[in-house]
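These notes are about the structure you will find just below.
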Amino acid sequence: MFIERLLNQGNAPLLERTLEFTAARHKLIAENVVNVDTPGYQQKDMSLEKFQAMLRNRVEARRNAAPGAASFADIDGELENPERGILFHDGNNRSMEQLMSDQAKNALLHNMVVELLKKQYSAMENALRERVT
Amino acid sequence: MIDGANNNLSLGKLAGGGVTPAKTAGAGGAGASSFADVLKNQIDEVSRLQQDASKAVEDLATGQTENVTGVMTAMEKSDIAFKTLLAIRGKLMDAYDEIKNISV
Amino acid sequence: MFDVLDMGASGLQAQRTRMDTIAGNIVNANTTRNAQGQPIPYRRRFVLFAPGQAGSPDKPGVRVQEIKLDQSPFQKRHEPGHPDADADGYVKYPNIDLAMEYVNALEASRAYEANVTMMEVSKQMLSASLRLIA
């Protein structure tokens, strides 16, 4: 119980959920790129803004709740078919530029969150080891 | 934002020794306050830095700020402050062990 | 996360098949006879993509569903001395427009590059996640 609380303190659960979100979104973007010439294919996406709004609400709830009560495990990105882009004659609403920029932003967010999480874990490890590495 | 300059100054005074830090005015103003007081204040400082860093990371993860460099420097500062405190604690423990082993 | 690489590979394969088809069209743009020597010109081919990987269509990806023959009419040119000319002196040529084939080839190669970029980024993200425990 207390070990779980130790591991879930601070921002570790937020960052872990964000990592799962970026991994899932990367799969969707990859599928969109692969199907860029497939007629009738609808582009799929997950909204980062909605996901972060859900995280924000849960953080607010956690501030008012007892320590360890509010969990982040059920927050997930939602699949949606965005309406942006031109609808081509083959029924595909692709936009290669949008896909490439989305993919770049997503990858950067993923790498950044990995670094932040690594930093948190290494701080905990330093404290446990009682010696500076 | 974090007052980095002030922080460096107070940690430097801790290393320097006898100068009265501005934060810890002694009860009668009679010269340097005790090492224990200084240490306690620095522990509070490290805790404050860690809370700043945690808040900054939370803001970044929920999309409330775009200032990535600010978040990274906050994390690094809190990390270094924590490691400094840890090193000081290590030295204190070693010193205590040495004193304990002095045979009378 | 490794199935992203499978997805990328299916995209590369599909675009490669498309390039091969376009290359076949360009090379045969003036072929007035078929393989048996009859005066039937080469008909333009094009690929039809469908979602789902080849072999397991329920996994996300893309596959070539069919290589179809373009049913648009053959071009006719007036060359009375040609051995394949019909009674009016017209020779039927393949229904291939070279300019369109070049543009399609360019688009296929760009899509191929985009797929390669996606696979590179996938590998990078996986390596970044591995560094968590390093």
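The values are calculated or read from the model by the stated rules, or taken from the named source; none is laboratory data. Just so it is clear, the model here is predicted, and its values are computed rather than measured. Note: ideal-geometry Cβ built from the backbone for every residue, glycine included; neighbour counts use all protein chains shown.
Side notes on the structure shown:
- Residue within region A:75-84 that is surrounded by fewer than 13 Cβ atoms within 10 Å (Cβ to Cβ), of a type in the set (A, V, I, L, M) and under 27 Å from C:Gln13 (Cβ atoms) present: yes
- Taking region A:1-91 and the helices (runs of 4 or more DSSP H) fully enclosed by it, the elements with 3 or more residues that are of a type outside the set (Phe, Trp, Tyr) and at pLDDT 85 or above are at A:12-34, A:48-64.
- Pairs where the first residue, in region B:43-68, is within 8 Å of chain A (Cβ to nearest Cβ) and the second is of a type in the set (D, E, K, R), C-beta under 8 Å, 6+ apart: B:Thr62/A:Arg56; B:Gly63/A:Glu49; B:Gly63/A:Arg56; B:Gln64/A:Arg56
- In the set (1) farther than 24 Å from C:Thr117 by Cα; (2) within 14 Å of chain C (Cβ to nearest Cβ), the condition left unmet by A:Thr38 is number (1).
- Number of the exception - A:Ile86 against (1) out of contact with any Gly (no Cβ under 7 Å at 6 or more places or on another chain); (2) of a type in the set (A, V, I, L, M, F, W, C); (3) more than 14 Å from chain C (Cβ to nearest Cβ); (4) closer than 22 Å to B:Ala56 by Cα: (4)
- Taking region A:90-121 as the range and being closer than 19 Å to A:Thr18 by Cα, more than 7 Å from chain C (Cβ to nearest Cβ) and either in contact (Cβ under 8 Å) with a residue 60 or more places away in the chain or not hydrophobic (A, V, I, L, M, F, W, C) (or both) as the test, the residues that pass are A:Ser101, A:Asp102, A:Lys105, A:Asn106, A:Leu109, A:Val113, A:Glu115, A:Leu116, A:Lys119, A:Gln120, A:Tyr121.
- For region A:38-94, taking the residues that are of a type in the set (Gly, Ala, Ser) and touching a strand residue (DSSP E or B) at 6+ places or on another chain (Cβ under 9 Å), the one that is nearest to C:Val64 (Cα to Cα) is identified as A:Gly40.
- Within region C:1-31, considering residues that are at pLDDT 90 or above and in contact with a Lys or Arg (Cβ under 7 Å, 6 or more places away or on another chain), the one surrounded by the fewest Cβ atoms within 10 Å (Cβ to Cβ): C:Gly24
- Looking only at region C:75-104, residues that are under 19 Å from C:Ile26 (Cβ atoms) and surrounded by 17 or more Cβ atoms within 10 Å (Cβ to Cβ) come to 7 in all.
- Applying the criterion of being free of Cβ contacts under 8 Å to residues at least 40 places away in the same chain and within 23 Å of A:Val113 (Cβ to Cβ) to the residues of region B:74-104, the residue that is farthest from the other protein chains (Cβ to nearest Cβ) is B:Ile80.
- Here region A:49-66 is the region considered, the condition is being more than 14 Å from chain B (Cβ to nearest Cβ) and within 19 Å of A:Glu4 (Cβ to Cβ), and the residue that is surrounded by the most Cβ atoms within 10 Å (Cβ to Cβ) is A:Ala65.
For every residue, the table says whether it meets (1) of a type in the set (Val, Ile, Thr); (2) touching a Phe, Trp or Tyr at 6+ places or on another chain (Cβ under 6 Å).
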position	(1), (2)
C:Gly55	no, no
C:Lys76	no, yes
C:Asp84	no, no
C:Gly89	no, no
C:Tyr112	no, no
C:Asn115	no, no
C:Val121	yes, no
C:Leu126	no, no
